[in-house]
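The values are calculated or read from the model by the stated rules, or taken from the named source; none is laboratory data. Small disclaimer: the values here were computed from a predicted structure and weren't measured. Using ideal geometry, Cβ is built from the backbone for each residue, glycine included, and neighbour counts are taken over all protein chains shown.
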Amino acid sequence: MIEFRKLTVTACGARIIDGLDLILPEKGTAMILGPSGCGKTTLLKSLIREDLEDPDVHVSGSILLRGKEIRDRRFPVHRLRQRVGLVMQHPVPFPGTAFANVTFALRCTTKLDRTAIDARAKKALEEVGLERQHWETPAECLSGGQLKRLSIARTIALEPEVILLDEPSNGLDPLAAARVEQLITTLSQNRLVVVVTHDVSLVQRIGDAVYFLWPYRTGCRLVEEGPAQDVLDNPKEPETRLFVRAAREGASALVHGEELVAGLTYDVPRETCGSGGCEPDGCEPESSEPVRGSTGRKMR
Amino acid sequence: MATPTIEYVAEERTGESRIGWIALGALGVLAIAMIPGVLIYLLVTGSGVLDRTHLPTLFSTEWYPGEEIFGLVPLVLGTLTTSALGLLIAVPVGLGSVIFFRFYSPASITRLGESTLGVLSGLPSVIFGLFGTVWMVPIFGPSLLVAGVVLAMMILPTFAMLTLAAFRQIPKGTMESGAALGLRREQMIGRLALVVTRPRLIAAAGVSLTRALGEALAVEMVCGNVAAIPDGITAPVRTLTTTLVQEFEYATGAHREALHLVALAVVLLAAIGATLAVRMASKQVSS
Amino acid sequence: MKAASTISAILVFLTLLLIGADIVVEGAAGLSIGTLTDAVRDGGRAGGLGPIILSTVIVLAGSILFALPLALGGAVLKTELLRHHSRLARGVMGAFEVMVSVPSVAIGLVGWSLFSQWLGLGFSLLSGCLTMTLIIVPIMTVAFIGGFEMVPAGLRMNSLALGVTRWQTFWRQVVPSARPALAAGVTLAIGRVTAETAALMLTSGISTRTPESLGDPGATLAVHVYHMARHVPGGESMAYTTSLALLLICIAVHVALARLKKESAA
């Protein structure tokens, strides 16, 4: 379905992804797992061609969607983003009601009439389980969990073939997280849902396939892949083993890991979030303060 | 749900408007070019007077267009002296009042003071000129003094508001440490507050100076309009700006071109004042 | 210290009191509802301010209409078209900030020389509009740039990720989001045009006749104050009345700005 060939992404001179080769299946949940190091989010963003919006980001290599190269100049970008929907880690509500948030993209990019748009919005909101009484609430007033679900609704209203979720349960309370998990399971029955996460138990519960990435100093690379159960129960690579162990045992994994660490060729995951003008992807500010965030680019 | 059922516009009409961006960009470039264009226009038109006959007259102390003598000296002097007088009055009074509002007065009076300054700062300068004409000119005659006072009244509100903002932004810790060290109020103001805010005060003074240098009609109402070097504070003067306003309508030929140079001189003086202020302010920061 | 600063503060209050009282006392006599609409009589010494107000409104509307697209273009150039944080973008911002403080009388002379004489517009409202446009574009642009940059960081990307184009995102998300700052910019421009005297005297003139087209001359309120006080013997009382009208408008603009500032901070 989606294939990455020798994908290399650099931002502000720092290499984030280094020659990645990866193939994602047609259906089900594909979990991109790995420690914080910002490569996973970059991967998703490269899939929706974020490099077109941010001139500091350079991409080389191939990304194929059903065999067609999406980095080709002639591939329609907006169509791509409707077929491959990214739900961001920190969704920003559009001014207006929750309902208006969902209909916004439909109004902008489709030829549908008002009734059809409203019907699809309704369906999307029901699917994510946002209570009806909140549909007319201003989106800024929604809670974290509701906002997350709203952002998912925004994306699925466009009926994409592929849904990308960046740390969907991060920061949510267990109940809200559980609802999101349920939603992912439902959505993945008919299409590919790619989930970026560092939560091993999430992978355990809902993952079909898992792709373990590790941030090396020279960039992120694919360490191990396979059916979720296999990889988690029998991790082959030392990095994977360390990670899974840390998730399951906590601090004691590091004790065993000392020997592993000593003999491995990786470096400590580095900070890629620079300040000032160059903000490599995935490192979105924690606070919701307005940051100079213009995505300017030269006119083509 | 595997095959999408929505017809997308994106295939035929993307909703992206390249023409739109180009148009906006062109407008933006035009917007940037306007003021430099103004300056170039002034220079080009005024350059007619930079020929051998007229150039030396620019440095004389007589402005006598009838004989094609365009001495800028008295005009520049008039501009500088009136603005300097204005600053001399406005800065101490403005600073003093802000010190009062910030350190001595109860909150209600401070709020009143702020509103007062706010309203005053929005008043068109002619109103101050009117006040000066009716109340001060009969006493002192149209003069450098009245012009200075009118300018002071005009720039004081803005200067005071900028200064107040600067004082407001003094880190709390600074003043608290001073109090903890046992400093008296006067010392805290003089040795701490004023020192910490000095760069911004200088910047505020620079902004005010620029405004004063560029003021035309309010000054024209009260300055006396004699293009000569003033021999006392109650002597009439004329500034670059009042010259423009008085002579523009019927000027022809070299006189007309000279007026363009006068305008350019005003811009230059204002620019120098602003740059000096920025330079002095940043010097304070590093020292 | 305390004494000196108290005296200074008293002086400030006194100034407003004196000037305010002066204007109100001298000007109220002539001010009535009729003043706002009546024609000017007796060379301006009597009658109303109808034509003056009309001229003011026309110059205001015209210059803002011309300046809006230019300021929008300037702001878009800096925030959307140029590479963010590049030296060019910062240079553009700096250029506009500097242009704000160019003395308006110099621009007025250019307006006279270029629009009124060279283009043959003479003393006219149109010439005044064009000249004021030159003055207010930098002010509005700086305010607009501030507004666009204050938009929440992820808003654009969230919109783009849904396949919405940059053009649509700009007009349907960024601009509505920046609305308080945009309004503040326009309000600042209104204040500037209302207060401007020199530049308008040089271009739109001092005529007190009701203007019938953009090609006619017309004095604005501020220019009229000057004209009455300085060139018309016995015109002081009218100058005061006009000043009072002007004062009331300035207070209204000040209040509007304060409210807009509160809105954008919220």
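Okay, here's what the table says:
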{"quantity": "Options C:143, C:106; residue that is aliphatic (A, V, I, L, M), in a helix (DSSP H, G or I), closer than 30 Å to residue C:247 by Cβ and within 12 Å of chain B (Cβ to nearest Cβ)", "calculated": "C:106"}
{"quantity": "Leading residue by the ranking (nearest to residue B:125 (Cα to Cα)) among those in the stretch C:203-259 that are part of a loop (DSSP other than H, G, I, E, B) and within 18 Å of the chain's Cα centre (by Cα)", "calculated": "C:220"}
{"quantity": "Elements of type helices (runs of 4 or more DSSP H) contained in the stretch B:132-197, each with 1 or more residues being in contact with a Cys (Cβ under 8 Å, 6 or more places away or on another chain)", "calculated": "B:144-168"}
{"quantity": "Every residue from the stretch C:1-30 that is exposed (fewer than 13 other Cβ atoms within 10 Å of the Cβ) and in a helix (DSSP H, G or I)", "calculated": "C:3, C:14, C:17, C:21, C:25, C:28"}
{"quantity": "Extreme residue, farthest from the other protein chains (Cβ to nearest Cβ), among residues of the stretch B:29-70 that are under 22 Å from residue B:253 (Cβ atoms) and of a type in the set (Gly, Ala, Ser)", "calculated": "B:60"}
{"quantity": "Where a residue in the stretch C:1-18 is closer than 13 Å to residue B:92 by Cβ and its partner, wherever it lies, is acidic (Asp, Glu), with Cβ under 6 Å and at least six apart", "calculated": "C:1/B:186"}
{"quantity": "Residue within the stretch B:134-145 that is under 30 Å from residue C:232 (Cα atoms), away from chain C (no Cβ under 11 Å), under 15 Å from the mean Cα position of the chain (by Cα) and modelled with pLDDT of 90 or more present", "calculated": "no"}
{"quantity": "Among the residues listed as A:186, A:155, the single one being within 14 Å of chain B (Cβ to nearest Cβ), surrounded by 20 or more Cβ atoms within 10 Å (Cβ to Cβ), hydroxyl-bearing (Ser, Thr, Tyr) and part of a helix (DSSP H, G or I)", "calculated": "A:155"}
{"quantity": "Only one of A:167, A:159 that is at positive phi, in contact with a Pro (Cβ under 7 Å, 6 or more places away or on another chain) and not hydrophobic (A, V, I, L, M, F, W, C)", "calculated": "A:159"}
{"quantity": "Single residue of A:238, A:160, A:227 found to be within 14 Å of another protein chain (Cβ to nearest Cβ) and either under 24 Å from residue A:20 (Cβ atoms) or not charged (D, E, K, R) (or both)", "calculated": "A:160"}
{"quantity": "Matching residues, the stretch A:189-220, being over 15 Å from residue A:246 (Cα atoms) and of a type in the set (A, V, I, L, M, F, W, C)", "calculated": "A:192, A:193, A:194, A:195, A:196, A:206, A:209, A:210, A:213, A:220"}
{"quantity": "Any helices (runs of 4 or more DSSP H) falling wholly within the stretch A:1-114 and containing at least 1 residues that are among the hydrophobic types (A, V, I, L, M, F, W, C) and touching a residue at least 60 places away in the same chain (Cβ under 8 Å)", "calculated": "A:39-47"}
{"quantity": "Residue among B:97, B:83, B:115 that alone is free of Cβ contacts under 8 Å to residues at least 60 places away in the same chain, of a type in the set (Gly, Ala, Ser) and either more than 10 Å from chain C (Cβ to nearest Cβ) or not in a loop (DSSP other than H, G, I, E, B) (or both)", "calculated": "B:115"}
{"quantity": "Lone qualifier among C:175, C:92, C:151 - being in a helix (DSSP H, G or I), more than 11 Å from chain B (Cβ to nearest Cβ), out of contact with any strand residue (DSSP E or B) (no Cβ under 7 Å at 6 or more places or on another chain) and under 14 Å from residue C:75 (Cβ atoms)", "calculated": "C:175"}
{"quantity": "Only one of B:62, B:67 that is of a type in the set (D, E, K, R) and free of Cβ contacts under 8 Å to residues at least 24 places away in the same chain", "calculated": "B:67"}
{"quantity": "Cross-chain or 6+ apart pairs with Cβ under 6 Å, the stretch C:68-82 first and facing chain B (nearest Cβ under 7 Å), then buried (at least 24 other Cβ atoms within 10 Å of the Cβ) and of a type in the set (S, T, N, Q)", "calculated": "C:71/C:141; C:74/C:141"}
{"quantity": "Boolean, residue C:123 is modelled with pLDDT of 90 or more, part of a helix (DSSP H, G or I) and farther than 20 Å from residue C:189 by Cα", "calculated": "no"}
{"quantity": "Flag for residue B:212 being closer than 27 Å to residue C:100 by Cβ and surrounded by fewer than 17 Cβ atoms within 10 Å (Cβ to Cβ)", "calculated": "no"}
{"quantity": "Positions within the stretch A:212-238 being assigned to a helix (DSSP H, G or I) and within 24 Å of residue A:28 (Cβ to Cβ), in sequence order", "calculated": "A:228, A:229, A:230, A:231, A:232, A:233"}
{"quantity": "Some residue of the stretch A:138-152 being part of a loop (DSSP other than H, G, I, E, B) and away from every other protein chain (no Cβ under 11 Å)", "calculated": "yes"}
